[in-house]
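**Student:** Okay, handing you the structure first.
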Amino acid sequence: MSSTAGADNASAPRVDPVGLLGLDESGMKEFLADIGEKPFRSRQLRQWLHQRQVYDFAEMTDLSKGLRQTLTERVRINVPQAIFDKESADGTRKWLVGLESGNAVETVYIPERDRGTLCVSSQVGCALDCGFCSTGKQGFNRNLSADEIIGQLHFASAALEAEGRGRRITNVVMMGMGEPLANFRNVVSATNLMVDPYAWGLSRRRVTLSTVGLVPALYRLADHSNISLAVSLHAPNDRLRDEIVPINRKYPLRELLPACEHYLDNTPHHAIYWEYVMLDGVNDSLANARELVELLGNIPSKINLIPFNPFPGTRYVGSPRERIRRFADHLQKAGFITTIRRTRGQDIDGACGQLVGQVINRRNRGKQGANRVPA
Ligand code: SAH
């Protein structure tokens, strides 16, 4: 659904309508101040949009007629639409979400016994080029706006509701396409709405941002957010991480780890979730496990080992099951809570690292890519 209304005055400069859906509490208050409205309207609007998912101002009966008219003229409410969707044999559902300008991203719903997790994209493509991730191979086109990010919850929850099977979104992971911290402002606004009691109202423990570890942005995140943090580590030393996760050359482990500890010290969380993809003969030896124990030392940590999901053209192969088990055992014996991620939705290319969407006009990675970090 997309309702764009604007004062169509040929002589006035064209002002892009505000994307109302993506405004968090402070953004909404700022916007209301701009149009001469009282801040308490912010709560009412967030409740209409995000709790009741009402997008028609005419239905927002506790707002004044004047405000409803201004909103009709000044804002747009843009809920992205699915171009198609697929359901895996294991119940995982993946949507290709159409955006303006012909791009598309993917959103994945992963049902489990006691929860339903929505995996949300933050960028069209990704500029970071981690060799084991097919999104990186797509190149980068652009950041998603805050309304395109939160909009994924809107259309997914409507689609789940329409199924009539009682499936709901209880958790969100920012683990879809893109590097969330390279789209800092929009991701912070959207995740603020996810944990806002007057918007989506999810617990901060149930909303997780996964990052490759852009160090300056990690420090800023501690000032603007308090959601759970997952870090794509994938290697226990710089030599190996430089190769697997190239941004490590810019932000090596000796800078990354203190930034993660800073996040724990400044938010109510008790541990960092480290993600570690198991690549055959690359990072999966017992010596690597020992190094990892040494590296993480006393940092409160939970380790999530990810079986590699292959895609066409990759030079990597997944570690054998037995080696993943041994690696996990070593970490557990050293006192780290360690889980092996269950691969979900692989038959619909909906598993980690398999999301490709539709990236048109991809830009030059060198210019847009690994060096572009929020100030
Ligand atoms: N850019 C962010 C979030 C997106 S990826 C990040 O890097 O954290 C979400 C997780 O899936 C990351 O841990 C990523 O490293 C992992 N991943 C990427 N490609 C994968 C693949 N082919 N197989 C398994 N996991 C993969």
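Since every read-out is calculated from the coordinates, none of them should be taken as a lab result. What you see is a predicted model, and the numbers here were worked out from it, not measured in a lab. Here the Cβ is made from the backbone with ideal geometry for all residues, glycine too, and neighbour counts use every protein chain on show.
**Student:** Within the chain, what percent of beta bridges assigned by DSSP are antiparallel, to the nearest 5?
**Tutor:** So the antiparallel bridges in the chain amount to around 50 percent.
**Student:** Using the Cα centre of the chain as origin and beta-carbon charges of +1 (Lys, Arg) and -1 (Asp, Glu), tell me which of LEU305, LEU202, ALA328 is placed farthest towards the positive end of the dipole.
**Tutor:** Farthest towards the positive end: ALA328.
**Student:** Using r as the Cβ-Cβ distance of GLU261 and ARG185, and R0 as 22 Å, what FRET efficiency do you calculate, to the nearest 0.05?
**Tutor:** For R0 = 22 Å, the calculated efficiency reads 0.35.
**Student:** Still on this structure: Can you tell me which of PHE184, PHE31, PHE308 moves the most in a GNM of the chain? Springs connect C-alpha atoms under 10 Å apart.
**Tutor:** Of PHE184, PHE31, PHE308, the most mobile in the Gaussian network model is PHE31.
**Student:** Using modelled amide H (1.01 Å from N, peptide plane; none on Pro or chain starts), what sits under 5 Å from the amide H of ARG142, excluding residues fewer than 5 places away?
**Tutor:** So ARG142 has HN proximity to VAL124.
**Student:** Hey, got a sec? Which trypsin sites (Lys or Arg not before Pro) in the range 79-140 land in a DSSP loop and have at most 13 other Cβ atoms within 10 Å?
**Tutor:** Answer in residue order: ARG113, ARG115.
**Student:** Springs between alpha-carbon pairs under 10 angstrom, Gaussian network model over the chain: which of SER285, SER225, SER64 fluctuates most?
**Tutor:** For the chain, modelled as a Gaussian network with Cα springs under 10 Å, the answer is SER64.
**Student:** Is there a quick way to get the dipole size of the range 115-243? I mean about its Cα centre, with the Cβ of Lys and Arg at +1 and of Asp and Glu at -1; what is the value in debye to the nearest 20?
**Tutor:** 360
**Student:** Now for a separate question. Taking a ≥ b ≥ c as the square roots of the eigenvalues of the Cα gyration tensor of the range 129-252, is the shape rounded (a/c under 1.5), prolate (a/b larger than b/c) or oblate?
**Tutor:** Prolate, because a/c is 1.5 or more and a/b exceeds b/c.
**Student:** Enumerate the aspartates and glutamates that LYS250 could reach by cross-link, defined here as Cα to Cα under 17 Å, with residues fewer than 8 away along the same chain left out.
**Tutor:** Qualifying aspartates and glutamates at Cα under 17 Å: ASP129, GLU179, ASP238, ASP242.
**Student:** Still on this structure, I have one more. By its C-alpha gyration tensor, with a ≥ b ≥ c as the square roots of the eigenvalues, how is the range 51-101 shaped: rounded for a/c under 1.5, else prolate for a/b larger than b/c, else oblate?
**Tutor:** oblate
**Student:** Tell me, how many Å apart are the Cα centres for the range 298-331 and for the range 116-177?
**Tutor:** 23
**Student:** Indicate the gyration tensor shape class of the range 81-372 (rounded, prolate or oblate), computed on the Cα atoms with a ≥ b ≥ c the square roots of the eigenvalues: a/c under 1.5 is rounded; otherwise a/b larger than b/c is prolate and the rest oblate.
**Tutor:** Rounded shape, in that the Cα axes give a/c under 1.5.
**Student:** Under the rule of -39500 (n - 2.57) per DSSP H run of 4 or more residues, summed and divided by the residues of the chain, what mean residue ellipticity at 222 nm is obtained, to the nearest 500 deg cm²/dmol?
**Tutor:** -9000 deg cm²/dmol
**Student:** Something else now. Which aspartates and glutamates have a Cα less than 15 Å from the Cα of LYS38, not counting those fewer than 8 places away in the same chain?
**Tutor:** GLU25, GLU30, ASP62
**Student:** For the charge dipole of the chain, defined by +1 on Lys and Arg C-beta atoms and -1 on Asp and Glu C-beta atoms about the Cα centroid, which residue among ASN283, LEU221, ASN248 has the Cα displaced farthest towards the positive pole?
**Tutor:** Positive-end residue among those listed: ASN283.
**Student:** Relative contact order, percent, of the chain when contacts are C-alpha pairs under 8 Å separated by at least 6 residues?
**Tutor:** Result for the chain is 18 percent.
**Student:** Order these peptides, 330-340, 214-224, by their mean beta-carbon neighbour count within 10 angstrom, highest first.
**Tutor:** 214-224, 330-340
**Student:** How large is the charge dipole for the chain, taken about the Cα centre, if only the Cβ atoms of Lys, Arg (+1) and Asp, Glu (-1) carry charge, to the nearest 20 debye?
**Tutor:** Charge dipole, the chain, about its Cα centre: 360 debye, nearest 20.
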